[in-house]
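The values are calculated or read from the model by the stated rules, or taken from the named source; none is laboratory data. Small disclaimer: the values here were computed from a predicted structure and weren't measured. Here the Cβ positions follow ideal geometry from the backbone for every residue, glycine too, while neighbour counts run over all protein chains shown.
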Amino acid sequence: MPKATITLDPDRNAGKIDGRIFSGFLEHLGRAVYDGVYDPGNPLSDEHGFRRDVLEAMRPMRMPYVRYPGGNFVSNYDWKDGIGPSDRRPARADFAWQTTEPNTFGTDEFMDWCTAVGTSPMMAVNLGTGAAKSAAELVEYCNHPSGTYWSDLRRSNGHADPHDVKVWCLGNEMDGPWQAGHVPAAEYALRAEQAGKLMKGVDPTIETIIAGSSGNHMPEYMEWDRVALEYTWDDVDYISAHRYSRNESDDTPWFLAEGVEIDRIIQDYRSLLGYVRAVKKSSKQVYLSFDEWNVWYRARGSTHSKGAWEQAPHLIEEVYNLEDALVVAQYLNSFIRNADVVKMACLAQIVNVIAPIITRRDGLLFQSIYHPFVRYAELASGDSLTPVVDGPVYSAGDRGEVPSLDVSASYDGVDGRTTVFAVNRDLANSVTATLRVIGRSVSEADQGWLLTGDDPQAHNDWDAPDNVAPATCDVAVEDGVAQVVMPPMSLVLASLNTTG
Ligand code: AHR
């Protein structure tokens, strides 16, 4: 059996893991809001219309932030349609997904839902068809205490206390021709700078994110980002990255090497952020918000993404399998390894639409990708240790010979726990991994957490909801090191105590 050694050095780390990398994303799209989180009249819903079972399913995900209301939706959304008495709100034709938006769930309902979940709002403003002034008015509505038109309107709408929204996205994927109000980079940079300044004028404590390229497949990838960053550098806090991983050729070895590409994207942003900082001779730092990421390729095309003007149609309801869960784990590994650059990340999305949780009227289903997310969110805290992995490679098609193991690690100084998060991407071979910590002796290990299976396409459905579900595995401790056998196509999480 191939062997690997994973060596951790407490002095070699990428800094603190920002818990905000475990954030999520809720868009007015398909059945994400209506039928998803909000379903008044359903016996499973509470007095606000929030699905109780969804609230409960969200809590173990420990999402510190949920981004809202889009996505493509936001670029032609007027937030003023979604406040006030719900029977007086207008129904609108949504440009992005060709659905009818009833506006019965809006800003205040979202804030109440965040409170019920135990998360915080990350709001996106419309910089497609919306004006900077309207974006600043939304900040005033949400964050100003009282005594102004918009803050008093919030109060009269039943929210005496400010919503206190700390993080704001300046538009969404404005480089995409599909985006309402899409413009060239220089024009977007102007819009973002103007809106961001007005918004911070209303509330100087907020943080803002400029919209980076919508993916590394875009013709202007990095150039768009450079233009936007150079113009807004002094006034913004983050730039966004988005990626949706695809396995269209049904090539599992190739797809399981997706972590290589995720690392590369983060490296691209690391380089660009360093470059712009240097040309600006700036002492400030701008960080990366990877605020849309997931696997998404099957439920694409107009039949999946255009709603024929229905309300809450079934749109982009991707079914996730084992290999997708292993790719999700690699996103999280990469965010952890690059903790010094990646400060926020949002799983896109949370319910029904490219989501870990699927609802129907009488219940919900956990997709494969739910499981790694929950476990990482629970265990990855403290410092990101930089693992040195000495182990086998496997053949990943045109991605070449790729290390079989994709690994990240954390050390939590509060409980003294060191955790290793490792994916074995090899389809054929188990790997025996030895875990060692320089200058320390492993004294004990919790039972390992394991996600694996023989079939990379295995998935959960209503008849077999636990087809892809976590199991446990042994982590042996001997002579100051730990050892774990990682089956082919597996994710293993091992928490260790050390002495010394
Ligand atoms: O998450 C689905 C869509 O993907 C979002 O609306 C958009 O930002 C991205 O292209």
### Summary
Taking the range 293-306 and the residues there that are farther than 23 Å from Ala329 by Cα and not in a loop (DSSP other than H, G, I, E, B), the one that is farthest from the ligand (Cβ to nearest atom) would be Thr303
### Query
If you go through the range 307-325 one residue at a time, do you hit one that is away from the ligand (no atom under 12 Å from the Cβ), assigned to a loop (DSSP other than H, G, I, E, B) and farther than 24 Å from Trp97 by Cα?
no
### Query
What about Leu315, is it over 29 Å from Ser120 (Cβ atoms) and buried (at least 20 other Cβ atoms within 10 Å of the Cβ)?
no
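Would you call Asp426 touching a residue at least 60 places away in the same chain (Cβ under 8 Å), acidic (Asp, Glu), closer than 23 Å to Asp263 by Cβ and crowded, with 18+ Cβ neighbours inside 10 Å? Break it down stepwise before answering.
Numbers: touching a residue at least 60 places away in the same chain (Cβ under 8 Å): yes; acidic (Asp, Glu): yes; closer than 23 Å to Asp263 by Cβ: yes; crowded, with 18+ Cβ neighbours inside 10 Å: yes.
Yes; evaluated as a whole, the condition is true for this residue.
Taking Tyr331 as the residue in question, decide whether it is part of a helix (DSSP H, G or I), within 25 Å of Gly36 (Cβ to Cβ) and within 16 Å of the ligand (Cβ to nearest atom).
Working: part of a helix (DSSP H, G or I): yes; within 25 Å of Gly36 (Cβ to Cβ): yes; within 16 Å of the ligand (Cβ to nearest atom): yes.
So Tyr331 passes the test.
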### Query
Mind checking which pairs have a first residue in the range 57-86 that is assigned by TED's automatic domain parsing to the domain that holds Phe366 and closer than 21 Å to Met344 by Cα and a second that is basic (Lys, Arg) and assigned to a helix (DSSP H, G or I), Cβ under 7 Å, 6 or more apart or different chains?
Pro64/Arg20; Tyr65/Arg20
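Scanning for something under 24 Å from Val393 (Cα atoms) and in a loop (DSSP other than H, G, I, E, B), does the range 457-472 turn up at least one residue?
Within the range 457-472, the subset under 24 Å from Val393 (Cα atoms) is 457.
Those left that are additionally in a loop (DSSP other than H, G, I, E, B): 457.
Within the range 457-472, one or more residues are under 24 Å from Val393 (Cα atoms) and in a loop (DSSP other than H, G, I, E, B).
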### Query
within 16 Å of Val236 (Cα to Cα) and within 16 Å of the ligand (Cβ to nearest atom), is that true of Leu198?
no
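Take the range 337-356 and flag every residue that is within 15 Å of the ligand (Cβ to nearest atom) and not in a loop (DSSP other than H, G, I, E, B). Let's see the steps before the verdict.
In the first step, residues of the range 337-356 are kept if they are within 15 Å of the ligand (Cβ to nearest atom); the result is 345-356.
Hits for the range 337-356 are Ala345, Cys346, Leu347, Ala348, Val351.
Give the residues of the range 43-59 that are out of contact with any strand residue (DSSP E or B) (no Cβ under 7 Å at 6 or more places or on another chain) and closer than 27 Å to Ser305 by Cα, sorted by residue number. Steps first, please.
Here is the first cut: in the range 43-59, the ones out of contact with any strand residue (DSSP E or B) (no Cβ under 7 Å at 6 or more places or on another chain) are 43, 46-48, 55-56, 58-59.
Within the range 43-59, Leu55, Met58 meet the criteria.
Please determine, by comparing only the residues of the range 52-78 that are in a loop (DSSP other than H, G, I, E, B) and within 14 Å of the chain's Cα centre (by Cα), which one is nearest to the ligand (Cβ to nearest atom).
First pass over the range 52-78, keeping only residues in a loop (DSSP other than H, G, I, E, B): 62-64, 69-71, 77-78.
Checking which are within 14 Å of the chain's Cα centre (by Cα) leaves us with 62-64, 70-71.
Values: Arg62: 21, Met63: 16, Pro64: 19, Gly70: 5, Gly71: 3 Å.
Step by step, filter the range 52-78, then rank; the result is Gly71.
The rows are residues; the columns are (1) of a type in the set (Gly, Ala, Ser); (2) in contact with a strand residue (DSSP E or B) (Cβ under 7 Å, 6 or more places away or on another chain); (3) not assigned by TED's automatic domain parsing to the domain that holds Arg360.
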{"position": "Val389", "(1), (2), (3)": "no, yes, yes"}
{"position": "Ser404", "(1), (2), (3)": "yes, yes, yes"}
{"position": "Ala409", "(1), (2), (3)": "yes, yes, yes"}
{"position": "Gly416", "(1), (2), (3)": "yes, yes, yes"}
{"position": "Asn429", "(1), (2), (3)": "no, no, yes"}
{"position": "Leu451", "(1), (2), (3)": "no, yes, yes"}
{"position": "Val475", "(1), (2), (3)": "no, yes, yes"}
{"position": "Val492", "(1), (2), (3)": "no, yes, yes"}
### Query
Just checking, which of Ile6, Ile21, Ile17 is out of contact with any helix residue (DSSP H, G or I) (no Cβ under 9 Å at 6 or more places or on another chain), away from the ligand (no atom under 15 Å from the Cβ) and in contact (Cβ under 8 Å) with a residue 12 or more places away in the chain?
Ile6
### Message
Please determine whether any residue of the range 52-61 is surrounded by fewer than 23 Cβ atoms within 10 Å (Cβ to Cβ), of a type in the set (Asp, Glu) and out of contact with any Pro (no Cβ under 7 Å at 6 or more places or on another chain).
### Response
yes
